[in-house]
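The values are calculated or read from the model by the stated rules, or taken from the named source; none is laboratory data. Remember, it's a predicted structure, so these values are computed and weren't measured experimentally. Reconstructed Cβ throughout: ideal geometry from the backbone, glycine too, with neighbour counts over all protein chains shown.
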Amino acid sequence: MPIVSRLVEYLDENGVIYAAIRHPKAYTAQEVAAQLHCKGKDMVKTVVVKAGQQSLLAVLPSTHRVDFELLSKALQFEDVRLASEPEFQSLFPECEPGAMPPLGNLYGLPVLCEESLTQDEVIHFNAGTHTDAVRMRFEDFRRLVKPRVARFATHL
């Protein structure tokens, strides 16, 4: 399966300079970072969370994990948890499970971005498969996605 065409079209339509990168199969964000020879803090992982009945994307560096207490405070919502694969698989029909890009606006989902990512000039992320990634400027991501930025993760 090639890089998700909707993602490429969206980046092209919005004049984003990016690199589409093929790499050997990797399933975790840290494995992808190693394949891409990029710093773990520059590799973004996309986590689907549920706040009550609402699904949203939590976007954070691969070197961090979601702190659900901080996430609950950031969202001002008590019932916050990871979404199960059956709960989110239908939201990303053209993506392999666990390889969703962090552009929630392409899927009608709000995005919460970990504050530490704002310090990165460039980010890398899965592009819908376990063998495709994209590298782009963080500021382009911020401009396109307009994520809410908050501190909700801790270093591994």
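Take region 80-122 and flag every residue that is among the polar types (S, T, N, Q) and exposed (fewer than 13 other Cβ atoms within 10 Å of the Cβ).
Of all residues in region 80-122, those among the polar types (S, T, N, Q) come to 84, 89-90, 105, 116, 118-119.
Result: Ser84, Ser90, Thr118, Gln119.
Go through region 132-143 and count every residue that is over 17 Å from Pro61 (Cα atoms) and crowded, with 18+ Cβ neighbours inside 10 Å.
Of the residues in region 132-143, the ones over 17 Å from Pro61 (Cα atoms) are 132, 143.
From the residues that got through so far, the ones that are crowded, with 18+ Cβ neighbours inside 10 Å too are 132.
Residues in region 132-143 being over 17 Å from Pro61 (Cα atoms) and crowded, with 18+ Cβ neighbours inside 10 Å: 1 in total.
Among the residues of region 104-156, write down those that are part of a strand (DSSP E or B), over 12 Å from the mean Cα position of the chain (by Cα) and of a type in the set (Val, Ile, Thr).
Val122, Val149, Thr154 - these are the residues of region 104-156 that are part of a strand (DSSP E or B), over 12 Å from the mean Cα position of the chain (by Cα) and of a type in the set (Val, Ile, Thr).
Can you tell me which residue is farthest from Phe138 (Cα to Cα) among those in region 1-30 that are outside any helix (DSSP H, G or I) and polar (S, T, N, Q)? Reasoning before the result, please.
Here is the first cut: in region 1-30, the residues outside any helix (DSSP H, G or I) are 1-4, 14-28.
Subset that is polar (S, T, N, Q): 14, 28.
Working: Asn14: 14, Thr28: 20 Å.
Step by step, filter region 1-30, then rank; the result is Thr28.
Based on what the data block shows, is Val59 touching a His at 6+ places or on another chain (Cβ under 7 Å), modelled with pLDDT of 95 or more and under 20 Å from Arg148 (Cβ atoms)?
Details: touching a His at 6+ places or on another chain (Cβ under 7 Å): no; modelled with pLDDT of 95 or more: yes; under 20 Å from Arg148 (Cβ atoms): yes.
No; evaluated as a whole, the condition is false for this residue.
If Leu71 meets every condition in (1) within 13 Å of the chain's Cα centre (by Cα); (2) under 18 Å from Pro147 (Cβ atoms); (3) of a type in the set (A, V, I, L, M, F, W, C) apart from one, which number is that one?
Of everything listed in (1) within 13 Å of the chain's Cα centre (by Cα); (2) under 18 Å from Pro147 (Cβ atoms); (3) of a type in the set (A, V, I, L, M, F, W, C), Leu71 misses just condition (1).
Filter region 59-103 for residues that are in contact with a Ser or Thr (Cβ under 8 Å, 6 or more places away or on another chain), part of a helix (DSSP H, G or I) and under 25 Å from Phe138 (Cβ atoms) and give the result.
Within region 59-103, Leu70, Phe88, Leu91 meet the criteria.
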